[in-house]
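The values are calculated or read from the model by the stated rules, or taken from the named source; none is laboratory data. All figures in this text were calculated on a predicted structure; none of them were measured in a lab. Note: ideal-geometry Cβ built from the backbone for every residue, glycine included; neighbour counts use all protein chains shown.
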Amino acid sequence: MDEHETLRAEVRAWIGCNHPGDPGWKLPQSALEVADDRQFGWLRDWQRKLYDAGWVGAEWPAEYGGGGRPRGAQRAIDQELARARAPFLLNLVGLSWAGPVILHYGSEAQKRRLLRPLLRCDEIWCQGFSEPGAGSDLAALATRALRSGDGWEIDGHKVWTTLGRYADWCILLARSDPAAAKHAGISYFLAPMKIPGVSVQPLVKMTGEGGFNQVIWSRARIPADALLGREGQGWEIATATLQFERGAAEGSAGGQGGGTSDVARLVALARGLERGGRPALEDPLVRDRLAQFWVDETALRANAGRALVAGLVAERPAALPLMSKLASSEHGQALADFACELLGPAAGLWIGDPHAPENAEWQRSYLNSFALTIAGGTSEILRNILGERVLGLPKTR
Amino acid sequence: MNPAIRWDDELGVLRAEARRWLDERFPIARVRALADSEAGEDPADWKELAALGWLGLVVPEKYGGAGLGALHLSVLMEETGRRLLPSPLLSSTLAALALCEGGSEAQRERWLPPLVAGETRFALATDAAAVWGGERADLFVARLGDRFALVAAGEPALRVQAELVLDRTRRSARLTLDGVRPGADALLPTGAEELPARLAPRACLALAAEMAGGADALLALTAAYAATREQFGKPIGSFQAVKHPLVNVLLGVESLRSLVYAAASAFDAGRPEAETLARMAKAKACDVYVFAASRAVQLHGGYGFTIDCDAHLYLKRAQTTRPAFGDAMAQRRWLAAALLDS
């Protein structure tokens, strides 16, 4: 980490002068909750500013718009930005999932055309994987890709489409060979979104927020060069995408710095609360739980550090990468739940109520935490994967 | 806190050598035979431990030790924990650390070399009960009222009574110290409250590392069984009711190992958060080891409840190691104070 100390200092100096501050209205908690044009425009400008300063795509090759810096540089940048509580990066799907996959599987022409605008937030990306009938059983997807003239015609129904309303491009899984076996008949497309036959309809989450959509593809024609990799290679590339989505593979162009300490926020909350007429921090049960969260949060960070030490992961190299999303999402959910418990009856107040502590931020965090225990492989699916790939247990089914 | 973890190839060599030697010397049948024996250990093993240099691993070179740090000790403890080493290496190491931390220079010069050589066996008695390795120790670093003193096993007033223990791979004794009057040169200069406090961070780390090794061995044992044992015509590991708890053990073991090596790295780099990390590791170790052991017994089913299944050996080790230098609740009490009251 020390090798990036100069870089870290540069980032710290830059963010010191360029932190955008509080816009004075409600920002979303993450890229999963961007619901209106004001939020979208503000966040797009922020990512552009970061890109122009060199803090996005720092490790990606310069010929595709990246910074060409050595391995570990992006992580150092992300951590410094997170430490300064900089806003998150808007183009999440592009930066962390689509981009790394295009870098690996894309043709030269695809890389040259798509990556720079992705990094600069000039073009927004979304993901077309899940369907109403294909959630955990993703390979059961029914969206069809039919060869049509020079390109493809797409028909299907995709859900959980974060940023779908604003997206210019979609990483789209579709069945190109209905006769082939379940996993073999799938192809992976870099599909344009702003074309005839693509209809985006907002879905409302349990927080009442949007940011989340379903997309209907109806005889939507996409060009031949929208295919990523080979026809029928879709499942392999989808699996690679999920590795990025779960934080199991490195290569993100930014925005993965992790939050500031949730435990510190929780302690700050508890400091101002009472239980039974006494300060909450004098309650030994509260203290025990807070210490437990501190242990677990530190363990998550130590896991991230140990994952980089080859000599300490040799026996189960896949374990730490595969468990990263599972462990952190369940920790975050438990912590937000405890915060709500500490709030007592005030946990029943919602955004906008003048008496809602922190304008119901903890309640909102708790509800939103389920996005992370469900998306990108539910905790249940991830336990299956860990049991099978890491512990060598026989397949469930 | 963003804990940095240090590692080098030499540590990998130590791990490989330790594992090979322990695997060869302590197959589970021999561990069981020693557990069933009167003495609970074999003096020949002690000589070997001395010859390997492990008794003096963390003792400074000027006293004949290897002068190595917390990372090396963690690796060694993890490997011995994996094998339920039936020999009081940990007890001797804690006594050596106590002498290093709390002894006078003259006491260190006099006693550390024979400890390292395996000629004088030491045991640490921060309390008069549950003194690991006590029955066969030559010299105790024992608490006497408001002081610690070096007390020879042959001291007429000292009574050493072997305890009947749950974990027969780790024997312990109860000391009766009434009437023991140590000479001035036998008294440690460090106070009775201060020494355990100074020793606790390193002791917590050594214990957590040993517990990590045991929990990891349990995970391997249970996963292997679940992959082969069939019920309803299928290996039981294919059922999520078996698979998911095992993955929960995996999550715990991996997190525990991360905390252990983060704490060890912090000690070796002289960083101030070392004690916090060590206590976090011990807190995590208590929960993870007992959980891993309980799942091992449970998922082995009826066989798991018998003495023939190895799971109970670890379960007993986990239960008896848990209170040493503070269980999970005690560690979290310390951590809560560090987090909330500063």
### Task
Check region B:251-267 and report whether any residue there is in a helix (DSSP H, G or I) and at pLDDT below 95.
no
#### Entry: Residues of region A:95-139 that turn out to be among the basic types (Lys, Arg) and buried (at least 18 other Cβ atoms within 10 Å of the Cβ), as a count
3
### Task
Give the residue that is farthest from residue A:238 (Cα to Cα), with candidates limited to residues of region A:175-199 that are more than 27 Å from the chain's Cα centre (by Cα) and among the hydrophobic types (A, V, I, L, M, F, W, C).
A:179
### Query
Right, residue B:85: part of a helix (DSSP H, G or I) and touching a Ser or Thr at 6+ places or on another chain (Cβ under 8 Å) or not?
no
### Task
Quickly run through region A:305-354 and pick out the residues that are closer than 28 Å to residue A:278 by Cβ and either part of a loop (DSSP other than H, G, I, E, B) or touching a strand residue (DSSP E or B) at 6+ places or on another chain (Cβ under 9 Å) (or both).
A:342, A:344, A:349, A:350, A:353, A:354
### Query
Considering only residues of region B:31-46 that are small (Gly, Ala, Ser) and without any contact (Cβ under 8 Å) to a residue 12 or more places away in the chain, which is surrounded by the fewest Cβ atoms within 10 Å (Cβ to Cβ)?
B:44
### Task
Kindly check whether there is at least one residue in region A:327-340 that is among the acidic types (Asp, Glu), closer than 19 Å to residue A:263 by Cβ and within 12 Å of chain B (Cβ to nearest Cβ).
yes
## Note on the structure
Of the residues in region A:305-326, those that are more than 8 Å from chain B (Cβ to nearest Cβ) and within 22 Å of residue A:365 (Cβ to Cβ) come to A:324, A:325
### Query
Could you give every pair whose Cβ atoms fall below 7 Å, whose first residue belongs to region A:279-292 and is farther than 14 Å from residue A:266 by Cβ and in contact (Cβ under 8 Å) with a residue 60 or more places away in the chain, and whose second residue is buried (at least 19 other Cβ atoms within 10 Å of the Cβ) and not aromatic (Phe, Trp, Tyr), counting only separations of at least 6 or pairs across chains?
none
### Query
Only one of (1) within 12 Å of chain B (Cβ to nearest Cβ); (2) under 21 Å from the mean Cα position of the chain (by Cα); (3) closer than 26 Å to residue A:27 by Cα fails for residue A:264. Which number is that?
(2)
### Query
Is it true that residue A:285 is within 12 Å of chain B (Cβ to nearest Cβ), surrounded by fewer than 20 Cβ atoms within 10 Å (Cβ to Cβ) and under 28 Å from residue A:357 (Cα atoms)?
yes
### Any chance residue B:94 is under 20 Å from residue B:152 (Cα atoms), buried (at least 20 other Cβ atoms within 10 Å of the Cβ) and of a type outside the set (Val, Ile, Thr)
yes
### Task
Could you tell me which residue of region A:361-397 is farthest from the chain's Cα centre (by Cα), considering only residues that are small (Gly, Ala, Ser) and modelled with pLDDT of 95 or more?
A:392
### Query
Any residue in region A:273-281 that is over 30 Å from residue A:95 (Cα atoms), over 23 Å from the mean Cα position of the chain (by Cα), in a helix (DSSP H, G or I) and among the acidic types (Asp, Glu)?
no
### Filtered residues of region B:1-22 (kept if surrounded by fewer than 18 Cβ atoms within 10 Å (Cβ to Cβ), away from every other protein chain (no Cβ under 14 Å) and either touching a residue at least 12 places away in the same chain (Cβ under 8 Å) or not in a helix (DSSP H, G or I) (or both))
B:21
### Query
Given the residues A:38, A:12, A:48, which is the only one that is surrounded by fewer than 18 Cβ atoms within 10 Å (Cβ to Cβ) and touching a helix residue (DSSP H, G or I) at 6+ places or on another chain (Cβ under 6 Å)?
A:12
